[in-house]
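Contents: one structure, followed by commentary.
The values are calculated or read from the model by the stated rules, or taken from the named source; none is laboratory data. Only a predicted model underlies this, so the values are computations on that prediction, with no experimental measurement involved. Here the Cβ is made from the backbone with ideal geometry for all residues, glycine too, and neighbour counts use every protein chain on show. The area values use the complete protein model at the heavy-atom level, side chains included, leaving out ligands, DNA and RNA. Shrake-Rupley method; radii C 1.70, N 1.55, O 1.52, S 1.80 Å.
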Amino acid sequence: MTKGLFLLISPPLHELMNYLPEGVIIVDERGAILFANDAFSEMVGYESELLFGLNMLTLLVDVDVFGTCIATVMEEGKSLNAQTDFLHRDGSVIRTVKSVRMIRDSDSFRFFVNVRNLTDTDRLNQELQQSHRLIECQAGELSALLNSKHQELEEILGSIHEVIWYIDSQTLSLRYVNDAVEAIFGFSKEEFLTDKTLWQRQIHPDDRALVKTFFETLSPGQSQEICFRIFRSNGETRWLNSRIHHHKSLSLFIGITSDVTAAKSHREEIMFLAYHDPLTQLPNRAKLKEKLAGRFEHSAEEPFTLLFLDLDNFKNINDTMGHEIGDTILIEVSRRLREQIDPDYFCARFGGDEFVLLLTTTGSAEIERFCTRLIETFKEPFVNSDIDFYLSASIGIVSYPQDARSGEDLIKYADTAMYEAKKKGKNRFAYYHSSMQHAIADFLHVESLVRDALTHGYFELYFQPLIESSTLQTEGYEALLRLPHPREGFIPPDRFIPVAETNGDILAIGREVLRQACDFIDLLRQKHSEPFFVAINVSAKELHQENFSQTLLEYLIQRGIPSSYVKVELTESTLMNNLDVAGDQLLRLKAGGIRIALDDFGTGYSSFSYLAQLPIDTLKIDKSFILSLFDVHSHRHIVEAISTLAHVLGMSVTAEGVEESAHFDFLMDNRIDTLQGFHLGRPVPPQEILRRM
Ligand code: C2E
Ligand code: CA
Ligand code: CA
């Protein structure tokens, strides 16, 4: 500040003052020294740099003299001469006479003090008058200078785009504002200065409390920023950002304000993009996360319902019609969803064709009504370039807080329930149940065991003899896969095969089975020359690979194993899954010399019409019929009928699950060609088969 005001004295004037034999200082109303010439510095023994900012009172022997002097000057508005004792830096007292002249600088006052050493009174009297005149003239010059500076300052402030203003810290009435105010508010500077509270009335009603608290809490000496809205004279809303300082001694709030409407709307657009899906304009996953977090934080006790909605056949549309059409359909889906949503419900696009909805309701009747309504909205075809697309949706329902307490779990469980709805035939909704989560945990556990077994070669193929009833000789072996586990014992194939079928690992498993089966065939062929075969179980996923039969046949050639050594076992459902593809594969296998058995016969569709068309060698009666032969009367008739049917169609019959001699006797009597079961031999490792031979 000292330097700043010091600059107000023009360099020539500065120079001039230093030539003066008398001490000259300029102080403000509190006595702070704003300028001191060389003579004064010398008189009191301080370098002039040390004097800047120093209070003149600290240099006086009698403080009161100065106070009275200033008061008089201010009251009478003219110069005054008085005797004053100054303290030298070395502690000695300097008797002086000083003359004080007041200079007005807009709102504040400066005092021009001329100090004369009293050693030579005559010279003093003479020179005092002279210096008095000089001071009069200098003060006039200084005042004019300050005035011109004031105008210059006003011009500078007027050219600034920011609004510069100050208001009374008590009444908040406007004391000063620059021209820039007009561009922002639409009212002129003069209008503001006439109506000193106009600025307050232009503040947006929603932000008035904010502004009021801001001023109430901004302590003296502090500076802070605030962002709020105002109305322009034409009613338009603008966003302003102000940096405000609470001036301690002047009791003013001094501020610089700029219009940040454009930046703000740009930021809002960015915020919108950050929280919304650009395609459908629905809230996105981030927004959902925030919404859930907000709920847990502010209304943790309030129950709610979360729905996970997934389109059923969307992938087909995307794959066959392209993403562009897929996108327009997603937009239409979002529109329909939005239409169904109550104002206090929430709908976000979670990903591709997945949507998450939050319902404030928890009543099951209402939830079901709502879900039914959602499903109904998909009944109408989605029309795109004159093509009608039919879609449906599956919905999983989860309740907070019963089912889960975290957003992540809620979504996960609702997703699980949604899969359950799909499994049950799609186009429906399903409630989450904790057992579903157990099933998933178990799935993941088994999945990791399978992956481990595949990488580390833990899978072992066991072989169960198939006995020819006419000779009671072993005609072949069924290959049955075993997954040993160090703690859990053997994981049954009924547990790991479905997992592998779901995630596709069954293909790798199939290759492993074929490899081990061929090893076994090689081993056995070396030991005895009798013909035999190994029956390998093949899943739907394997059979529906386009090159399945070709790969199998090529592998046998590579291993040098005639195809007569291999039989494949397929279930009815495997075939029915896609009869065209399956039938084609069977024909090729058959042509390659591989025999085919229809496994678990009697449990599936049992459509006899297709049986006759497919190249099937053997019907394998499901073990459930054999195991309950003597408990369920009809089962004996079923076994008899299957046996007759097979023979009529020129096929052989195998019965599995022969556990007792009574089963054996009954099956022998009913012309069953091949028998398999614990009564005749359990599945065992290859070495065990060799040992028994
Ligand atoms: P599956 O093809 O029907 O196999 C016959 C099942 O009956 C085998 O169960 C066998 O151990 C069992 N079994 C044999 N004799 C008797 C008996 O007298 N009484 C009873 N209660 N059961 C008997 P396992 O080995 O547990 O296999 C279960 C299923 O897992 C198989 O049913 C088959 O569908 C599947 N599987 C086994 N190995 C493979 C494989 O390598 N690949 C494929 N894709 N599936 C396999
Ligand atoms: Ca089988
Ligand atoms: Ca079977």
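Quick look at the values:
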{"quantity": "When residues of the stretch 672-693 are limited to those that are charged (D, E, K, R) and at pLDDT 95 or above, the one most open to solvent (accessible area, probe 1.4 Å)", "calculated": "682"}
{"quantity": "Filter result (under 56 Å from the mean Cα position of the chain (by Cα), within 21 Å of residue 585 (Cα to Cα) and either within 15 Å of ligand 2 (Cβ to nearest atom) or surrounded by 16 or more Cβ atoms within 10 Å (Cβ to Cβ) (or both)) within the stretch 599-618", "calculated": "599, 600, 601, 604, 610, 611, 614, 616"}
{"quantity": "Among (1) within 16 Å of ligand 2 (Cβ to nearest atom); (2) open to solvent by 10 Å² or more (accessible area, probe 1.4 Å); (3) not small (Gly, Ala, Ser), the one test that residue 547 misses", "calculated": "(1)"}
{"quantity": "Tally, over the stretch 251-278, of residues that are farther than 12 Å from residue 348 by Cα and touching a residue at least 40 places away in the same chain (Cβ under 8 Å)", "calculated": "9"}
{"quantity": "Candidates 404, 348 - the one that is crowded, with 17+ Cβ neighbours inside 10 Å and without any contact (Cβ under 8 Å) to a residue 24 or more places away in the chain", "calculated": "404"}
{"quantity": "Single condition residue 466 does not satisfy, out of (1) touching a residue at least 40 places away in the same chain (Cβ under 8 Å); (2) within 16 Å of ligand 3 (Cβ to nearest atom); (3) out of contact with any Leu (no Cβ under 9 Å at 6 or more places or on another chain)", "calculated": "(3)"}
{"quantity": "Unmet requirement for residue 664, which otherwise passes all of (1) modelled with pLDDT of 95 or more; (2) in contact with a helix residue (DSSP H, G or I) (Cβ under 7 Å, 6 or more places away or on another chain); (3) among the aromatic types (Phe, Trp, Tyr)", "calculated": "(2)"}
{"quantity": "Boolean, residue 596 is within 15 Å of ligand 2 (Cβ to nearest atom) and not assigned by TED's automatic domain parsing to the domain that holds residue 655", "calculated": "yes"}
{"quantity": "Complete set of residues in the stretch 619-671 that are polar (S, T, N, Q) and open to solvent by less than 60 Å² (accessible area, probe 1.4 Å)", "calculated": "624, 628, 634, 643, 652, 654, 670"}
{"quantity": "One residue from 589, 570, 553 being of a type in the set (A, V, I, L, M, F, W, C), within 16 Å of ligand 3 (Cβ to nearest atom), touching a Ser or Thr at 6+ places or on another chain (Cβ under 9 Å) and under 30 Å from residue 455 (Cβ atoms)", "calculated": "570"}
{"quantity": "Qualifying residue in the stretch 502-520 (condition: part of a loop (DSSP other than H, G, I, E, B) and either within 16 Å of ligand 2 (Cβ to nearest atom) or among the charged types (D, E, K, R) (or both))", "calculated": "yes"}
{"quantity": "Residues of the stretch 559-575 satisfying the condition of being more than 16 Å from ligand 1 (Cβ to nearest atom) and either surrounded by fewer than 16 Cβ atoms within 10 Å (Cβ to Cβ) or of a type outside the set (Phe, Trp, Tyr) (or both)", "calculated": "559, 560, 561, 562, 563, 564"}
{"quantity": "Scope the stretch 357-377; condition in contact (Cβ under 8 Å) with a residue 24 or more places away in the chain and among the aliphatic types (A, V, I, L, M); matching residues", "calculated": "357, 358, 359, 367, 374, 375"}
{"quantity": "Residue within the stretch 340-362 that is closer than 19 Å to residue 424 by Cβ and not acidic (Asp, Glu) present", "calculated": "no"}
{"quantity": "Options 536, 497: the member that is assigned to a strand (DSSP E or B), touching a strand residue (DSSP E or B) at 6+ places or on another chain (Cβ under 8 Å) and within 18 Å of residue 573 (Cβ to Cβ)", "calculated": "536"}
{"quantity": "Residue match in the stretch 600-609 (condition: more than 15 Å from ligand 3 (Cβ to nearest atom), at pLDDT 90 or above and not β-branched (Val, Ile, Thr))", "calculated": "no"}
{"quantity": "Within the stretch 582-627, tally of residues that are of a type in the set (Phe, Trp, Tyr) and assigned to a strand (DSSP E or B)", "calculated": "1"}
{"quantity": "Every residue from the stretch 469-492 that is surrounded by 15 or more Cβ atoms within 10 Å (Cβ to Cβ) and within 25 Å of residue 664 (Cβ to Cβ)", "calculated": "469, 474, 475, 476, 477, 478, 479, 480"}
{"quantity": "Selection from the stretch 464-481 of residues that are acidic (Asp, Glu) and more than 23 Å from residue 509 (Cβ to Cβ)", "calculated": "468, 475"}
